[in-house]
């Protein structure tokens, strides 16, 4: 039996030669579960955790084709914020933010959530008008936000370049003090461990190859480790959502694109906050390990290849160097791509489908990490009650038919 | 980065001269008023998003600015076939 982490367990394991229990037990799939979650990323594991914790459904399996923390959860730039413009989006992301604030204690796992603040820079008068509008919308929605002028930015971030001669001069920013970063793979590990302690089976190296549907109702999944029956199936597979949907005879309003990021070698602390710029398109923070974490944009074509184009990296690097000339000699260490599921309105789909008992949580596109606990929480309630959680209602897949899109794309300081 | 062959310029050029222009063979409904919201949504928003060999449109944005269709693997990025726009493809695998 796994034990809770505490100062006592730390001391004991430290004195006994690091004799730790396995954090996430390796289990064989059973033949049947009440609920199967397809996809063991942060969102899927959070869904399973909240199903067990808040909905009282513990006969749950999470099936993951790779290993925990090896997918998009470990490929993002770890930024967390909730300063979205639209009421529907900001309520959902703020729900996540409130959960983040207690997550390490809740999971008994330090996910290194650090509320170091997030700046979204403005580079034109129109940027600044948009920022003021968004900050006002945030304040009305109870999300902490403020407009800061260029002098205050310089005072807070002395290494930033605020010269007026820049092609895109910094004119101000929105600032969300409660925003920040978290250790992304730690989030997956934390949710996986906490869920398995509540009785959820976390089955790694188990790829779903088909979804069984009979008379319009889901029966279970075929996997590389055998068939598993289930009354309900929740798909949370990010870039591969369309692939899973096809197995159940469904189509989604989603296209998959590579999104890239890169990190520098580790350095002494130089940047204590998160800086994002929509206009020049780059975002940067410094991890606790010391490396600069820099995010780029998506490639415009469809891809499942987990790699992107060099000019996208070059574009992001140019933007970061314009903002921080001091980084011009920094050596980059690694670069990678993840496959993101982009919706036409850049908002997620948290929804039942026309197949009874089959639910999808997808379309988070380029910004899903920040929503991890909130997404899992509302999706768990949606599956458990077979009725959308109130916060998930606007994110029904039918919005693409009714036309009630959530016009968040480009409106919220989102970086894509 | 990959190279794309423009069937109009008859030249192989770097991919960043081109812009991806979405899935191929999506025809605008002839009578939009007559079709259901569902069919309209299918035309505007729903996509195959195929994993594997995928027919898509590209435009030679920094060249002749003409559209053409490409069969490309979304797994390996390998270009399998390039045709001028409007070419009838018999096996429209989706």
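Read-outs throughout are calculated quantities, based only on the coordinates presented, and are distinct from any laboratory measurement. Note that the structure is predicted; figures quoted are calculated from it, not measured. So basically every Cβ, Gly included, is an ideal-geometry build from the backbone, and we count neighbours across all protein chains shown.
Here are the numbers:
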read-out: Contact order relative to length of chain A, as percent, for alpha carbon pairs under 8 angstrom and 6 or more apart; value: 23 percent
read-out: Length-normalised contact order of the stretch B:3-84 in % [C-alpha pairs under 8 Å, at least 6 apart]; value: 31 percent
read-out: Inter-site label distance for residue B:25 and residue A:311 at 7 Å from Cα along Cβ, in nm; value: 2.9 nm
read-out: Over chain B: helical MRE at 222 nm, DSSP H runs n ≥ 4 each giving -39500 (n - 2.57), nearest 500; value: -2500 deg cm²/dmol
read-out: Prolate/oblate/rounded call for chain A, Cα gyration tensor, a/c under 1.5 rounded; value: prolate
read-out: Cα-projected label distance for residue A:209 with residue A:67, points at 7 Å along beta-carbon direction, nm; value: 2.3 nm
read-out: Test item: B:13-25 mean partner chain Cβ contacts at 10 Å; value: 2
read-out: Per-peptide average of other Cβ atoms within 10 Å, ordering A:236-245, A:296-305, B:1-10 highest first; value: A:236-245, A:296-305, B:1-10
read-out: Label point at residue A:224 placed 7 Å out along Cα→Cβ; residues across the stretch A:178-205 whose backbone nitrogen lies under 16 Å; value: A:203-205
read-out: At 1.306 mPa s and 10 °C, Stokes diffusion of the stretch A:265-416 via Kirkwood alpha-carbon radius, µm² per second; value: 90 µm²/s
read-out: Residue A:289 paired with residue A:6, simple spin-label distance in nm, labels 7 Å along Cα-to-beta-carbon; value: 3.2 nm
read-out: Per-pair calculated FRET efficiency, R0 = 25 Å: residue A:124 and residue A:151 via Cβ, rounded to 0.05; value: 0.90
read-out: Protection proxy ranking, peptides B:35-42, A:339-346, B:49-56, A:3-10, average beta carbon neighbours within 10 Å, highest first; value: A:339-346, B:49-56, B:35-42, A:3-10
read-out: Using alpha-carbon coordinates, inclination of helix A:42-54 to the longest axis of chain A, degrees; value: 60 degrees
read-out: Of A:13, A:89, A:173, the one that fluctuates the most in a GNM where chain A has Cα springs shorter than 10 Å; value: A:13
read-out: Residue-averaged beta-carbon neighbours from other chains (10 angstrom radius) around B:67-75; value: 2
read-out: Two-site FRET efficiency, residue A:198 against residue A:267, from Cβ-Cβ distance with R₀ of 45 Å, rounded to 0.05; value: 0.70
read-out: Two-decimal ratio, the stretch A:20-147, of alpha-carbon radius of gyration to 2.2 N^0.38 Å; value: 1.34
read-out: Efficiency of FRET between residue A:140 and residue A:116 - r from beta-carbon atoms, R0 25 angstrom, step 0.05; value: 0.50
